[in-house]
Amino acid sequence: INRLHENVVWSMRGNFFYIPTDCPQRDERLGWTGDIQVFSPTASFLYDAAGFLTSWLADLAAEQKETGVVPFVVPTIMEQPTPPAAAWGDAAVIIPWVLYQRFGDEKILSDQFESMHAWVDLIEKIAGESRLWDKGFQFGDWLDPAAPPDKPGDARTPGFIVATAYFARSSEILGQAAKVLGRTKEEKYYLSLADEIRKAFNWEYVTPSGRVLSDSATAYALALQFALLPHETQRRRAGARLTELVRSSGFRISTGFVGTPLICDALCTYGDPEAAFRLITQRECPSWLYPVTMGATTIWERWDSMLPDGRVNPGEMTSFNHYALGAVADWLHRTVAGLAPAEPGYRRIEVHPILGGPLKHASARHLTPYGVASTSWFLDGEILTLEVEVPPNTRARVTLPGKEEAPLDIGSGKHSWKYPFTPKKHPRKPISLDSTVGELIDDPEAFSMALQVLRSHGTELADHLLSREDMKLRDAVGFMPQAKSILEDLQKAFASLSR
C-alpha cells in the first residue's frame, strides 16, 4: 500500500506542469476535467495545489464563455464544441468547493461563483421539469473493468444515473457555496433544486427498499455518497447490497473513473468497512495493488494496462501514468490514517481512523494553513497506540477506535493514547475442496491462493468460480477444463495454509 501511495505521488508530480494533464506521454497530454475533478481532494492533501488549481479554474471559466458548457479539456483544443458531460463538466463546481474545504479561502468561491452557477443552470435547462439529466452524450463510469478494450464507456452503470447524481451533487454544493458567500437568494434556490433532483432520482431509479437501477457498485456508491437516498432503510439496504456486489466480484474492482473514488467511503459509512480493506489489499486484477505486483511506479489509466502475461493492453487508451484511479489515496489519508478537515482549512480537524484488514499501522502528515497536523496509529498485538499532532490555533475531534465513548475535543499540541484494543475476528473454518465457494471467498488467505491457482490455469476461470457461490468448491471446479489438475493444485495450496 505504501508503494501504491508512492505511485500516486509520482503520477501527480508527472502531470502537474502548468495545467493538470491526464498523462504526460502520447499525443493526448491535456487538461482533462474529469480526471482532476476526482483527483482534486488527493492533490490538495499531497501538495499545496491551491494556486495551481485556482489558475487552471480561471482558464476553465474563460473556456465556458456564454454557453456554460465546460469543455472536456481545459484549455480546449477541440475543433468542434464539446457537449456537456457529467463528472467532467462538474469540475467547475466541485474543484472550487474542494479547494475551499481544504485551504479555507472563500475567495476561490467568489471568483468561481459565476462559472459554478453557469454550469448548474445549463444542466437545469437540459433536465427540464423532470429534474433528470437523461439526454445527450455521457462518458459515464469511464473505464469500468467490464467494458471491452475498444469500448471504454460501455459501463455497467447507465450514463444517465451518473449524470443525474452529479446534477444533484453540484446543485447542493452551489447552494452551500452561496451560503458561505452570504448569497441568501441563490442558497435557497440551489438547495431547493438539489432536493428536487434527489426526489426525482429516487422516484425514477430507486425502489422503496433501496435497490438502485442497474444494480452496480458505482450506482450504489453514487446514491450513498451523494445523499440520494432519503430513508435510512434505503441507505441500509443499499449499503448491504454494495457489500454483496463487492464480495461477489471477489473483492476485485468493479468501478471506473466515477465509482472508484467513492466506493471505499460508501463501504465504510453504510456497508462493511472490512470489504473496503479487502478491496484495497486485493492483488488480483483488477485491483489497486495489481499494478504494484507488476512493477508499476505510477498509476495506470486502465486497471490492466499491462496484462498478467506481460503484454500491453490492446485497447485504444493504455497509459502507464494516469493519476485518476489514484484518487483512493484521499480515503487512505482521511479514513485509514484518520486525518480529515472538520471545518474549511483544517480550522477544526477530524481524527477518526478505521482499522481493518491485515493493516497494523498507518500514519499521515499534512501541512495545513495553520501548521503541521499528523496522525499515527500502531497495533501491537491487542495494544493500540494513537498519536495526534494538532497545529496552533486549531482544535481536533478525536474518535478513539474501539471505544464507545463520545469523541474527545482537544487543542493544539501533541497527544497520545495507548489502550487495549481487540480487532474484530471472523471465525475461520478450515478450507477444503468440500467448502463452498462462498466460504472460500470469505477467507482472504485461502481465496488469494485459489485465485493464483486458477490464474495459472486460465485467466477467465476465476469469474466462472465466483458465479457458483453456493456450490461446493469440488463441484464448481468440476465444470472447468483441466478440473482434475486444478483440484490437485487447490488441495496442495489449502494444505499449506497456516492456521
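Values in this text are rule-based calculations from the coordinates and carry no lab data. Note that the coordinates shown come from a computational prediction; the quantities given were computed from them, not determined experimentally. Glycine gets a Cβ as well: all are built from the backbone with ideal geometry, and neighbour counts include every protein chain shown.
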Roughly how tilted is helix 50-64, in degrees to the nearest 10 and between 0 and 90, from the longest Cα axis of the chain?
-> 70 degrees
Can you tell me which of 172-181, 406-415 comes out highest on packing, and rank the rest after it, using the mean Cβ neighbours within 10 Å?
-> 172-181, 406-415
Per-residue Cβ contact counts at 10 Å, fewest first, order Trp203, Trp97 as Trp203, Trp97
Take the Cβ-Cβ distance between Ser209 and Lys425 as r, set R0 to 35 Å, and report the resulting FRET efficiency rounded to the nearest 0.05.
-> 0.65
Non-local amide H neighbours of Trp32 (under 5 Å, H modeled in plane, Pro and chain starts lacking H): which ones?
-> Asp22, Val74
For Arg468 and Phe378 in the same chain, what is the full-extension length gain: residue separation times 0.36 nm, less their Cα-Cα distance, in nm?
-> 28.5 nm
Any idea what angle helix 444-457 forms with the longest principal axis of the chain, computed on alpha-carbon atoms, 0 to 90 degrees, nearest 10?
-> 80 degrees
Looking at the chain, what % of the alpha carbon pairs are farther apart than 38 Å?
-> 26 percent
If you keep only loop residues by DSSP, which trypsin sites (Lys or Arg not before Pro) in region 287-343 have at most 12 other Cβ atoms within 10 Å of their Cβ?
-> Arg311
Return a whole-number percent for the relative contact order of the chain, with Cα pairs under 8 Å and 6 or more residues apart as the contact set.
-> 11 percent
Contour excess over end-to-end distance, with Cα ends at Gln80 and Ser432 and 0.36 nm allotted per residue = 120.7 nm
Additional length obtainable on full extension of the chain from Arg365 to Trp417, 0.36 nm per residue less Cα span = 16.9 nm
Are any of the pairs Lys107/Lys179; Lys125/Lys199; Lys65/Lys151 more than 25 Å apart by Cα-Cα distance, and if so, which?
-> Lys65/Lys151
May I ask you to list the lysines whose Cα is less than 27 Å away from that of Lys492, ignoring any residue fewer than eight positions away on the same chain?
-> Lys425, Lys429, Lys472, Lys484
For Glu129 and Ser496, what does the FRET efficiency come to when R0 = 60 Å and r is the distance between their Cβ atoms, rounded to the nearest 0.05?
-> 0.40
Given a Förster radius of 30 Å and the C-beta distance between Asp121 and Thr269 as r, what FRET efficiency does 1/(1 + (r/R0)^6) yield to the nearest 0.05?
-> 0.45
Could you let me know the centre-to-centre spacing of region 364-398 and region 53-82, using Cα atoms, in angstrom?
-> 39 Å
Could you line up Thr335, Thr33, Thr436 from fewest to most neighbouring Cβ atoms inside 10 Å?
-> Thr436, Thr335, Thr33
Give the residues of region 338-369 whose amide nitrogen is closer than 13 Å to a point set 7 Å from the Cα of Asp409 in the direction of its Cβ.
-> 348-349
So how far apart, in nm, are the two label points at Lys107 and Lys151 if each is 7 Å from Cα heading toward Cβ?
-> 5.0 nm
What is the fewest-to-most order of Tyr205, Tyr47 by other Cβ atoms lying within 10 Å of their Cβ?
-> Tyr47, Tyr205
